[in-house]
Structure formats: structure tokens, C-alpha cells
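Reading through the C-alpha cells given below for one structure.
The values are calculated or read from the model by the stated rules, or taken from the named source; none is laboratory data. Note that this is a predicted model, so its numbers are computed, not measured. Reconstructed Cβ throughout: ideal geometry from the backbone, glycine too, with neighbour counts over all protein chains shown. The area values use the complete protein model at the heavy-atom level, side chains included, leaving out ligands, DNA and RNA. Shrake-Rupley method; radii C 1.70, N 1.55, O 1.52, S 1.80 Å.
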Amino acid sequence: MGNKVISNLSNKSLSFYRPEIDGLRAFSIIAVVINHFNEKVLPSGYLGVDIFFLISGYVITCSLARRKFQNFQDFIIGFYMRRVRRLIPALLFFILITAILISLFSPDPRLAIKTSISAIFGVSNFYLYRTESNYFSEEIELNPFAHTWSLGVEEQFYFIFPLIIWISGFGLKKVNSTRNLSLLIGSISIASLVSFIYFYQNNFRAGYFLMPNRIWEMAAGCLLFLTFQKQTKFNVLIKKTSPIFYFFGIIGFMFLPTKFGIISTLLVILFTAFLVLSLNESKLLYKFLTLKPILYIGLISYSIYLWHWGILSLSRWTIGINTRTVPVQIILIFLISVFSYELIEKPLRTKTNSFSPKNIFIFGIGSVFASSISIYFFIYRNVSNLFLGKIDNQNRALIYFNDNDTGLSADLCHSRRSKELSINDKNLITNCLYESPKKERFISVIGDSTALAYMSTFSGIAKKLNSSYFHFSKDACSLLINSEKEECPKDSEKIVELIKELSFGYKNKYLFISKSFEKKYDKDQKKIIQQDISTIIKSFNQTGTKIIITLPIAIFENYQGSPICRDQWFINKIDKIGNCDEKINIIGVHKHRDFIKGILKLSNSDKNNLYFFDPTPYLCESSFCAPSKEGSYIYQDAAHLSSESKKFLIYPLKTFLENI
């Protein structure tokens with residue numbers, strides 16, 4: 001084929017601006033904004049982001065096709081210079097302003113601030129993946145930088161795409177370069193698509209957040225551009241089909257429930273490609289997409305994307321989102337997006353044309369590091385001073401998971417994906433062991449994040465019973481019940497030996513295991529859990545240690561957390577945001593409890609050393625469970641207790657330990 005696609009393009013077509021692409025951007029950002037305002041209105045409106053991915057691949061390939069380069073240095077510097085001018089200024093403006101604002105209204109904005117710093121470096125998708133964030137969870141809605149994951153995907157794509165372009169010869173318009181590029185991109189796209197489908201089903205966060213599983217969407221845009229230039233029978237057939245068919249098909253797919261995520265994503269990308277192929281000036285839809293108001297929304301779509309989520313997230317911390325606030329929020333999103341586009345994005349993109357590539361590169365790198373350093377030292381390290389609300393000592397313990405009774409803290413005794421702690425760390429014993437002067441009992445608490453939620457309670461118990469207390473927990477890993485996580489078993493034997501060593505010499509020893517038990521397990525999973533428990537009991541059989549499983553607590557579907565339910569002057573008191581008054585029937589909690597106890601029916605020899613502690617009777621009313629009790633928010637979020645649960649659990653637990 002040679003290089004026909006490139007060589008046959010006229011100068012006019014090479015510089016051709018397709019306004020309907022900006023119209024398509026407008027449609028995509030509107031779908032995303034509607035979904036983020038209320039996902040029930042447009043359940044799969046988030047797929048507008050996937051359309052952006054395709055458009056990005058299309059536009060970048062088009063841009064490279066119409067440019068001439070002398071050598072690789074000229075090519076790569078020019079490519080990144082344009083990306084810096086296009087993305088960095090508006091992103092940094094959004095991050096700096098929003099980082100300050102979230103620190104004013106969130107009592108603990110550290111996760112959000114860390115996300116913002118990772119977004120500056122284009123890796124927020126990795127950070128959200130490592131912290132086990134779920135893009136469809138309510139927790140994410142409170143993080144004003146969560147949406148930057150998609151920018152991370154694009155920026156990482158920009159690191160490999162220029163190399164593919166250059167290797168194929170497309171950058172220098174070499175013979176057969178279009179064919180080479182098509183083969184390279186096509187192969188990568190197929191591999192990425194297969195990976196996306198696999199991980200979306202088996203490791204959703206990886207399938208959703210990680211760039212290798214998203215390349216196929218941007219690659220589809222590249223292939224679309226290359227295909228667009230050819231006059232094949234298939235292309236002719238697609239172009240003859242009314243674009244309205246594809247357009248309304250995309251809208252229809254966006255009404256599909258999120259459980260059809262794979263098929264809806266595939267169909268939206270396919271129909272978007274067909275839509276772009278079929279659009280031309282004679283079509284009615286073309287005329288609609290190129291109306292001036294639509295075009296302008298498309299032009300400012302990047303700024304809208306940045307600001308809409310930040311404004312909605314901050315609203316959830318303050319005034320809420322309801323019929324009265326929506327008009328104000330829409331106007332605010334539009335006005336600040338116009339400001340960002342007209343005074344930051346557009347001027348810095350156009351007025352820097354006279355700057356040398358070297359100066360633009362220095363500006364970009366300098367701005368990135370200056371912004372991240374400023375956010376870390378002036379905001380992250382001063383979050384407690386910036387917060388405008390009230391934080392008493394009890395709330396401060398809740399927010400930072402520090403405990404005032406024993407001095408243990410989550411930062412030193414809980415291993416997070418974003419901050420791994422090693423069981424081999426020599427400081428672990430110093431940081432995570434409270435030694436009682438009287439040493440009447442030794443209490444060990446291990447498990448996943450639910451164990452962390454009990455830290456305050458067990459610290460109080462240790463004081464009241466003159467007990468020593470050791471705590472070590474790990475995100476999404478119960479440490480000793482290893483049936484679900486591949487990364488957990490490596491710590492099991494070490495933690496057993498450490499607890500044996502620390503508790504040596506104590507007469508009364510207790511090991512509490514707190515874990516997020518699922519509501520359903522298949523036959524094989526049940527067997528593995530039983531084997532795990534039997535192994536634990538046998539490991540401590542000669543030590544006299546009593547093994548105690550904390551049974552499941554109520555889990556709320558809509559409760560967004562105690563920080564936005566507390567009485568603060570800036571929180572909307574008319575509309576209950578965060579579903580603060582959610583109630584669930586206690587029968588469901590009891591069924592979950594009985595299901596887990598049923599799984600843990602062991603042999604008679606093992607039963608003698610296994611006990612269960614059920615917190616539900618002390619946290620719930622006789623017929624229902626709620627996030628609050630007697631004016632205190634006993635739940636930190638939908639599935640984890642707060643330090644305020646301590647006052648309802650400490651005496652029952654004390655009595656429990658004294659009687660087993």
C-alpha cells in the first residue's frame with residue numbers, strides 16, 4: 001500500500017478541523033456530568049469518558065499526520081510540548097484551588113490530597129487502584145480528585161504512543177508507515193481489549209483504572225483516523241447510514257445498568273467510531289453538533305471535566321445535591337469552566353507558541369514540582385489547622401485513627417496499600433504494642449480494616465483490664481484467614497510467631513480476629529475458611545490462647561460517613577446528605593451472623609478454643625440498625641465502626657473477656 005493514505009491527503013485535508021468532534025465532546029461531557037449529578041438518571045453516562053479516550057486517539061493521530069518532523073528529537077519535543085500546553089495549566093489551577101477548599105471542609109482530607117499530588121504527576125489512577133478505591137462507591141464521591149484517573153490513563157498513553165508512531169515510520173511519513181502503524185496499533189488494541197474484558201470481570205479496579213486495559217479505546221481512535229481516509233466498501237456503507245442511528249444508539253447504551261459495563265463500553269466505542277465515520281456537512285446531526293453553543297461546550301469540555309466533579313464533591317461535604325442546589329451548581333460549573341478556559345487554558349496554549357520548546361518544558365516540569373511541593377508542605381501538613389469545622393478530642397481520634405488510651409495509631413499499626421508496613425519491621429513492636437504495668441492479660445487484635453475500626457475500643461479494654469495490647473491490621477487482608485487474598489498468606493506464619501513471642505509469660509491470652517466476611521461463599525470457599533480457622537487454633541493450642549472471631553456488623557448501602565453527618569456550620573441541615581438516618585432491618589444482620597457461625601462449625605477438639613463476639617446487640621436497636629445511636633455516629637462509613645462505638649462496646653467486651 002506504500003504510504004498512500006498520507007501521500008494522497010491534500011494540504012487542505014491535513015489541516016482540516018472537524019468541528020463535529022468538538023460537538024461530540026460536548027455530548028460526552030454532558031453525559032458524564034448528568035451521571036455524576038445522579039447516576040439513576042443516566043446509569044452509564046460515565047461512558048462519556050470512554051468516548052473522550054477514542055476522540056483523544058483520533059485527534060492526536062490526525063495532528064501527527066499533518067505535521068512534518070526532521071528527526072526523533074524534533075518529533076518527541078514537539079509532541080510533549082503540545083501536551084504540556086494543553087493539559088498542565090488548567091489541571092494545576094484546578095488542583096491548587098480544590099486542594100485548599102477540600103481542606104477547609106473535610107476533617108480528614110489526606111486521601112484526597114494524596115490523590116491530587118498523584119494527579120499532578122499523572123498517576124492518580126495507580127494511586128486509586130493501590131488504595132482499593134471503587135469508582136462506583138460512595139467513598140469516591142467525597143474525593144474531589146477521583147476523576148483524574150482518566151487523565152492519568154491518557155498521560156501514560158502519551159508516553160508509549162509517540163514511540164509506536166516513530167517505530168512505525170508514521171512520524172517521518174515513510175513508505176508503508178500507515179500499514180505498519182495499523183498493524184502495531186491493531187495488535188496492541190486486541191491484547192488490551194482482551195485484558196480489559198478479563199480484568200473487568202476478575203479484578204474490576206485493575207480493569208477500570210489501569211492504562212494497559214484502556215489502550216484499546218485510544219487505539220480505536222487512531223485506527224478510526226487511518227480508516228477514515230480509505231474508501232473501502234465497508235466505509236462507504238457506514239457513511240451511507242444515518243448518523244442519528246448511531247447517536248441514539250449511544251444514548252440508549254448509556255441507560256444500561258452498570259452491571260452491563262463490558263458490553264456497554266464495547267458498544268459505545270463501536271458506535272462512536274461509526275458515528276464519526278458517518279458524519280458530514282450534509283447530515284442533520286452534523287448541523288446540530290456544530291451549533292455555536294454546542295461547539296463552545298465542546299471547547300471548554302476539559303475545564304468542565306476538571307471542575308464539575310470537584311464542585312459536586314465539595315457540595316457533598318457542604319450544601320448537598322438536591323433540586324434546590326442543582327441550578328446553582330450547574331451555573332457555577334459553567335462559569336468557573338469558562339474562566340479556566342478563557343483565562344488559563346486558552347491563553348497559555350496560544351501565547352506560548354513563541355516560547356522555545358526548552359522553556360515550555362522547564363515551565364511544565366517546574367510547575368509540576370512547585371505545585372506538588374506547595375500542596376504537601378502548606379496544605380497536607382496543615383490539614384488540622386485549615387479545617388473550618390469543630391473537632392473535639394473524640395472526633396480527632398475518629399478522624400486520624402489515633403487512640404488516646406494506649407497511644408497506638410493507624411499510621412504505625414495498619415498496613416495500607418498506599419503505605420505498606422512490614423511484619424519484619426523492628427519498630428513494629430515498639431509502635432504497636434502497649435505493655436500494661438500489671439500484665440494481667442495479653443490481647444492481640446489482627447485483621448483487615450474492620451480490625452482497625454476496633455482499635456479505640458480495645459485500647460480502652462486494655463486500660464480497664466490492666467492488659468497488654470498488640471494491634472496489627474492490613475487493608476483487605478485478615479492476615480490469618482487467607483482464603484480470599486493471594487498477598488495475605490506471606491504474613492500469616494510470621495504474625496503467629498510474633499504473637500506467641502509477645503504473649504509468652506502471660507496467663508490469660510486472647511487473639512481477636514476481625515474480618516469483613518462476605519454474605520455468600522461457595523462450598524470450596526467455606527472449606528478453606530474452616531481449614532484456616534482450624535490451623536489458627538492448632539497454632540495456638542499449646543499456648544492457652546483463646547481465639548475470638550468478631551461476628552459481622554450491619555453494612556449500610558447509602559450511608560456516606562460520619563464526617564458529613566456531623567453538626568458543622570457549613571453542612572446543610574435541611575436535607576440530610578449522606579443518608580445519615582439510614583436504617584436496615586436487624587433480621588438481615590442476624591442472618592449474616594448465623595451464616596458465618598454456620599461456616600465455622602468445627603470439630604469438637606477445635607470448638608473448645610474458639611469463641612465468638614457479636615457486637616450487634618450493643619450497636620443496634622431491637623428491630624433495626626442505624627449509623628448513629630443516642631446522638632453519636634457509631635459508624636465511620638458504610639462498613640466500619642467509628643471510635644464513638646467504643647462507649648457501647650467497651651463494657652460488653654470487658655464482661656465477655658472476664659467470663660470466657
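Table: residues versus (1) in contact (Cβ under 8 Å) with a residue 12 or more places away in the chain; (2) within 27 Å of LEU151 (Cβ to Cβ); (3) charged (D, E, K, R).
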| site | (1), (2), (3) |
| --- | --- |
| ILE238 | yes, no, no |
| PHE245 | no, no, no |
| PHE253 | yes, yes, no |
| PHE260 | yes, yes, no |
| VAL276 | yes, yes, no |
| LEU291 | yes, no, no |
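In the range 225-248, of all residues being of a type in the set (A, V, I, L, M, F, W, C) and buried (at least 17 other Cβ atoms within 10 Å of the Cβ), the one that is farthest from LEU64 (Cα to Cα) corresponds to PHE247. Just one of the listed residues (SER189, SER177, SER168) is of a type in the set (Gly, Ala, Ser) and at pLDDT below 90, and it is SER177. Tallying residues that are part of a helix (DSSP H, G or I), in contact (Cβ under 8 Å) with a residue 40 or more places away in the chain and open to solvent by 30 Å² or more (accessible area, probe 1.4 Å) within the range 53-75 yields 2. Checking each residue in the range 170-182 for being closer than 17 Å to ALA219 by Cα and either without any contact (Cβ under 8 Å) to a residue 24 or more places away in the chain or part of a loop (DSSP other than H, G, I, E, B) (or both) picks out only ASN180.
Every condition in (1) at pLDDT below 90; (2) buried (at least 19 other Cβ atoms within 10 Å of the Cβ); (3) under 19 Å from THR545 (Cα atoms) is met by GLU497 except one, and the failing one is (2). In this structure, ILE564 qualifies as at pLDDT below 90 and open to solvent by less than 50 Å² (accessible area, probe 1.4 Å). In the range 314-343, the residue that is least open to solvent (accessible area, probe 1.4 Å) out of those that are of a type outside the set (S, T, N, Q) and either over 21 Å from ILE294 (Cα atoms) or in contact with a strand residue (DSSP E or B) (Cβ under 8 Å, 6 or more places away or on another chain) (or both) is GLY320.
Picking from residues in the range 645-660 that are in contact with a strand residue (DSSP E or B) (Cβ under 9 Å, 6 or more places away or on another chain), open to solvent by 10 Å² or more (accessible area, probe 1.4 Å) and in a helix (DSSP H, G or I), the one that is farthest from LYS464 (Cα to Cα) is PHE648.
Selection over the range 193-204 of residues that are part of a helix (DSSP H, G or I) and surrounded by fewer than 18 Cβ atoms within 10 Å (Cβ to Cβ) gives a count of 7.
The residue that is farthest from SER137 (Cα to Cα), counting only those in the range 252-265 that are loosely packed, with under 15 Cβ neighbours inside 10 Å and aliphatic (A, V, I, L, M), is ILE263. Among the residues that make up the range 432-449, is at least one of them in a helix (DSSP H, G or I), in contact with an Asp or Glu (Cβ under 9 Å, 6 or more places away or on another chain) and either at pLDDT 90 or above or open to solvent by 10 Å² or more (accessible area, probe 1.4 Å) (or both)? Yes, there is a match, as at least one residue in the range 432-449 is in a helix (DSSP H, G or I), in contact with an Asp or Glu (Cβ under 9 Å, 6 or more places away or on another chain) and either at pLDDT 90 or above or open to solvent by 10 Å² or more (accessible area, probe 1.4 Å) (or both).
In the range 544-572, the residues that are under 16 Å from PHE624 (Cβ atoms) and in a loop (DSSP other than H, G, I, E, B) reach residues that are polar (S, T, N, Q) and open to solvent by 30 Å² or more (accessible area, probe 1.4 Å) with C-beta atoms within less than 6 angstrom, at least six apart or across chains, in these pairs: ASN558/ASN579; TYR559/ASN579.
For the range 507-540: of the residues being basic (Lys, Arg) and assigned to a helix (DSSP H, G or I), which is surrounded by the fewest Cβ atoms within 10 Å (Cβ to Cβ)? The qualifying residue surrounded by the fewest Cβ atoms within 10 Å (Cβ to Cβ) is LYS523. ILE140 fails exactly one of the following numbered conditions: (1) free of Cβ contacts under 8 Å to residues at least 60 places away in the same chain; (2) closer than 17 Å to ASN35 by Cα; (3) over 9 Å from the mean Cα position of the chain (by Cα). What is the number of that condition? Looking at each condition in turn, ILE140 falls short on (3).
Total residues in the range 367-384 satisfying the condition of being among the hydrophobic types (A, V, I, L, M, F, W, C) and open to solvent by 50 Å² or more (accessible area, probe 1.4 Å): the figure is 5. Residues of the range 607-619 that are open to solvent by less than 10 Å² (accessible area, probe 1.4 Å) and outside any helix (DSSP H, G or I): PHE613, PRO615.
If the condition is being under 24 Å from ASN572 (Cβ atoms), in a helix (DSSP H, G or I) and touching a residue at least 24 places away in the same chain (Cβ under 8 Å), then the range 305-318 contributes TRP307, HIS308, TRP309, GLY310, ILE311, LEU312, SER313, LEU314, ARG316, TRP317. Out of all the residues in the range 633-644, is one or more hydrophobic (A, V, I, L, M, F, W, C), assigned to a loop (DSSP other than H, G, I, E, B), more than 28 Å from PHE105 (Cα to Cα) and at pLDDT below 90? Checked the range 633-644: no residue is hydrophobic (A, V, I, L, M, F, W, C), assigned to a loop (DSSP other than H, G, I, E, B), more than 28 Å from PHE105 (Cα to Cα) and at pLDDT below 90. Is there a residue being part of a helix (DSSP H, G or I), over 29 Å from the mean Cα position of the chain (by Cα) and of a type in the set (A, V, I, L, M, F, W, C) anywhere in the range 319-339? No: zero hits. Scanning the range 614-660 for residues that are closer than 16 Å to MET455 by Cα, among the hydroxyl-bearing types (Ser, Thr, Tyr) and under 29 Å from the mean Cα position of the chain (by Cα) yields TYR635, SER642, SER643, SER645. Within the range 354-366, if we keep just the residues that are in a helix (DSSP H, G or I) and open to solvent by 80 Å² or more (accessible area, probe 1.4 Å), the residue that is nearest to SER116 (Cα to Cα) turns out to be PHE363.
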